[in-house]
1. Name the helices (runs of 4 or more DSSP H) wholly within the range 1-80 that hold at least 1 residues that are under 28 Å from GLN92 (Cα atoms) and without any contact (Cβ under 8 Å) to a residue 12 or more places away in the chain?
2. Here is a list of conditions, (1) touching a Cys at 6+ places or on another chain (Cβ under 6 Å); (2) at pLDDT below 90; (3) open to solvent by less than 80 Å² (accessible area, probe 1.4 Å); (4) of a type outside the set (Lys, Arg), and GLY100 meets all of them except one; can you say which number that is?
Amino acid sequence: MPSIDKIKEQNRKRAQKLRNNKKKHGVIDLRVPLHSVEQNKLSKICEFFAFPDKAYSNEEALQSLIHRVYSEIPKIEDDLGTCEMCGEQLPQGCAKLKEGGLFKGDSNCFHTINRVRIFEPSKEASQ
């Protein structure tokens, strides 16, 4: 029977090999703290998009959401069009040209009146 030290060393080497392999392939671990409300919503997403016999894991659901939202960016950009003031693609617009946007604060500036956000905290979202 192998000694405890030998088992620990094997586990250490195995873990290091896994970390090196992830790094080689550009994989990162992302730790995200979730409020219980968000965790419940994520669980519902996992169940909703599940195969008939097996729910998505949290990781699979988040990866799927990333791919889905990313694939929708071209349509969102097309719908938003370009900034009337600088001619740049929205939602970035003039913010790409100068930090804070060239016209931020101007009453006609896109960034002043309706900046697009992925998540807008609200009372509804926290319930």
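The values are calculated or read from the model by the stated rules, or taken from the named source; none is laboratory data. All figures in this text were calculated on a predicted structure; none of them were measured in a lab. FYI the Cβ positions are ideal-geometry reconstructions off the backbone, even for glycines, and counts take in every protein chain you see. Quick note on the areas: whole protein, heavy atoms, side chains included, nothing else; ligands and nucleic acids left out. Shrake-Rupley method; radii C 1.70, N 1.55, O 1.52, S 1.80 Å.
1. Counting at least 1 such residues, we get 36-48, 58-80.
2. Only one criterion is unmet by GLY100, namely (1).
Condition check ((1) surrounded by 12 or more Cβ atoms within 10 Å (Cβ to Cβ); (2) modelled with pLDDT of 90 or more; (3) within 30 Å of CYS109 (Cβ to Cβ)) across all residues:
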residue: LEU18; (1), (2), (3): no, yes, no
residue: SER57; (1), (2), (3): no, yes, no
residue: LEU62; (1), (2), (3): yes, yes, no
residue: TYR70; (1), (2), (3): no, yes, yes
residue: GLU84; (1), (2), (3): yes, no, yes
